[in-house]
Amino acid sequence: MAGKRHVILGSGTAGLNAIRTLRQLGDDGPIVLVSAEAPYSRMVLPYYLARRITEPHVTTATGRQLDEWGVERQIGRRAEGLDTQAAKLRLDNGEDVAYDDLLIATGSSALRPPIPGAEHARCFNFWTLDDAKGVSKTISPDAHVVMVGAGFISFTILNGILERAGRLTIVEVAPRILPRMIDDAGAALVTDWLIERGVTIRAGAEITRIAEQGQGLRLTFAEGDSIDADLVLMATGIRPNLGWLDGSGIETNQGILVDEYLRSNVDNVYAAGDVAEGRNRVTGAREVHAIEPTAMEHGRIAAANMAGKKIAYPGSLLMNIVSAAGLDMASFGSWDDDGAEVIAAQAPARRAYRKYLFRGGRMVGAILIESAGETWSGNDVGMLKGLVQSGVDLSAWKSHLAERPFEIKKPYLATGTTARLLPETIIGQPSPAM
Ligand SMILES: Cc1cc2nc3c(=O)[nH]c(=O)nc-3n(C[C@H](O)[C@H](O)[C@H](O)COP(=O)(O)OP(=O)(O)OC[C@H]3O[C@@H](n4cnc5c(N)ncnc54)[C@H](O)[C@@H]3O)c2cc1C
């Protein structure tokens, strides 16, 4: 008898990892993939913009690969409704797709602020492959690009813009850049670094209007002044794709609420990735972590449970790692925990900054900034992630870190952190490269 009929909704990181895992675990049940877009990785779109890779490299599974996995597909189709009683998904062409179990991996969509004129053809999001193609076609070596929003996603595309455009201005409504990724001291360092490299930064600034001006656009600020741009990139936040679930009975908060098996409140409906609200590994709270590693791990755990294994997920680690204009920046876990004990230090000559946050002996969060290419930063990113993720007891090492904050290798090795993390292959088997 063939296994269960699995329906995977969404062909991003979570959906594709789920398909791969089902087959890797020997599940031979029918798989139906329903997805608005063909399989590709959003995370590599910045490299496409920078012309480091071409479109085929953005693809994460070819038709041939999906054939080999025996995946029946409905690409270009959207789910518009879910009937959990009848176990059927309603598609935008009116067709129903029946399932034994369903994985919702619909990711998130970019938000546009309600600024009059923001719908102009020269205002782009940078969330989908189509967005990336639009920007890539429009951008030119002498263009002035205005990026609205100075968060993690903006910073992932910063190198591409600097390579392809003449001038960049970053506008952020919060009083400083990267408000949800690093602290005030870190943001000050990054701001100085970017200004020295010719980037204009306007923080604490609100755009009230965008209007056509000659061949380009004019952006007016709440203060009354304005700037002209050849194109505008909006990186002003994202929202999980949940709207189509209205009336389905699936419980949601910011995302679909899932348990440690990535299961929703309905037994045979799972959720993974940006659309799922699962456990934060450090705090235990349920949160949406809209990052690639969470999507991959969620997809694999959900699939393992759909394949009949009972595998619990320890929770996802919030992390943002980006290198922009020659500066490495990373934050992990509860980097903004106001109640934590803090060790922080700067090494101005290296433009380096470290911040470690402790609850008791446990490092619950960390921030790292350092000019890219320093061997310290490359290694330290991995070690800091390991220390926060493993939750090892660093009580005996706090005074060492206070005295030598840039020397984390010793505590990392002495606490055996690598050995603690090695057995963690999420589903008990290594994850093949995507
Ligand atoms: C420019 C950029 C750079 C990034 N860089 C990084 C990075 O450096 N590090 C990092 O950790 N993360 C990064 N991310 C975030 C990362 O890409 C996402 O967290 C990840 O893609 C989430 O995977 P997912 O499978 O949950 O959703 P997605 O990859 O968004 O996939 C969702 C899928 O669902 C489909 N879909 C949506 N709605 C429906 C519907 N109603 N019916 C049918 N199909 C639907 C979509 O077409 C898509 O196939 C970046 C994102 C962008 C845009």
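Read the figures in this text as sums done on the coordinates, not as results from a lab. Bear in mind the structure is a predicted one, so any value in this text is a computation, not a measurement. So basically every Cβ, Gly included, is an ideal-geometry build from the backbone, and we count neighbours across all protein chains shown.
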First measure r as the distance between the Cβ atoms of GLU163 and LEU111, then evaluate 1/(1 + (r/R0)^6) with R0 = 41 Å and state the FRET efficiency to the nearest 0.05. 0.95
Counting Lys and Arg as +1 and Asp and Glu as -1, each charge on the Cβ, what is the dipole of region 326-420 about the Cα centre in debye, to the nearest 20? 220 debye
Farthest toward positive dipole pole in region 326-420 [+1 Lys/Arg, -1 Asp/Glu at C-beta], among LEU357, GLY326, THR417: THR417
Percent antiparallel among DSSP beta bridges confined to region 123-236, rounded to 5, stands at 40 percent
Residues with amide H under 5 Å from that of ILE408, placed H, sequence gap 5 or more: none
Amide H neighbours of CYS123 under 5 Å, counting only residues 5+ apart in sequence or on other chains, H built in-plane at 1.01 Å? VAL232
Estimated 222 nm signal from helices in the chain, with DSSP H stretches of n ≥ 4 weighted -39500 (n - 2.57), rounded to 500: -7500 deg cm²/dmol
Out of residues 5 or more away from THR252 or on other chains, whose amide H comes under 5 Å of its own, with H placed 1.01 Å from N in the peptide plane? LEU257
For region 123-236, what is the charge dipole size about the Cα centre, in debye to the nearest 20, if Lys and Arg each add +1 at the Cβ and Asp and Glu each add -1 at the Cβ? 220 debye
Region 133-188 to region 1-63: how many Å between their Cα centroids? 29 Å
Return the percentage of antiparallel bridges among DSSP beta bridges fully within the chain, rounded to the nearest 5 %. 60 percent
Taking every DSSP bridge whose two residues both lie in region 66-206, the antiparallel percent to the nearest 5 is 45 percent
Using θ = phi - 60° and the Karplus form 6.51 cos²θ - 1.76 cosθ + 1.60, what ³J(HN,Hα) does each residue of region 224-232 get, whole Hz, x for Gly and Pro? x, 7, 8, 9, 9, 9, 7, 8, 10
Cβ-derived FRET efficiency at R0 25 Å, MET43 paired with ALA344, nearest 0.05: 0.25
Within region 13-59, trypsin sites (Lys or Arg not before Pro) in DSSP loop having at most 12 other beta-carbon neighbours inside 10 Å: ARG51
Can you list the HN-Hα couplings for region 398-406, worked out from phi with the Karplus curve (6.51, -1.76, 1.60; θ = phi - 60°), rounded to whole Hz and with x for Gly and Pro? 5, 5, 4, 5, 5, 7, 10, x, 8
Which stretch or stretches of region 326-355 have amide N atoms under 14 Å from the point lying 7 Å from ARG404's Cα along the Cα→Cβ direction? none
Which trypsin sites (Lys or Arg not before Pro) from region 229-332 combine a DSSP loop assignment with at most 10 other Cβ atoms within 10 Å? LYS310
Explain nothing, just the number: dipole magnitude of the chain about its Cα centre with +1 on each Lys and Arg Cβ and -1 on each Asp and Glu Cβ, in debye rounded to the nearest 20. 840 debye
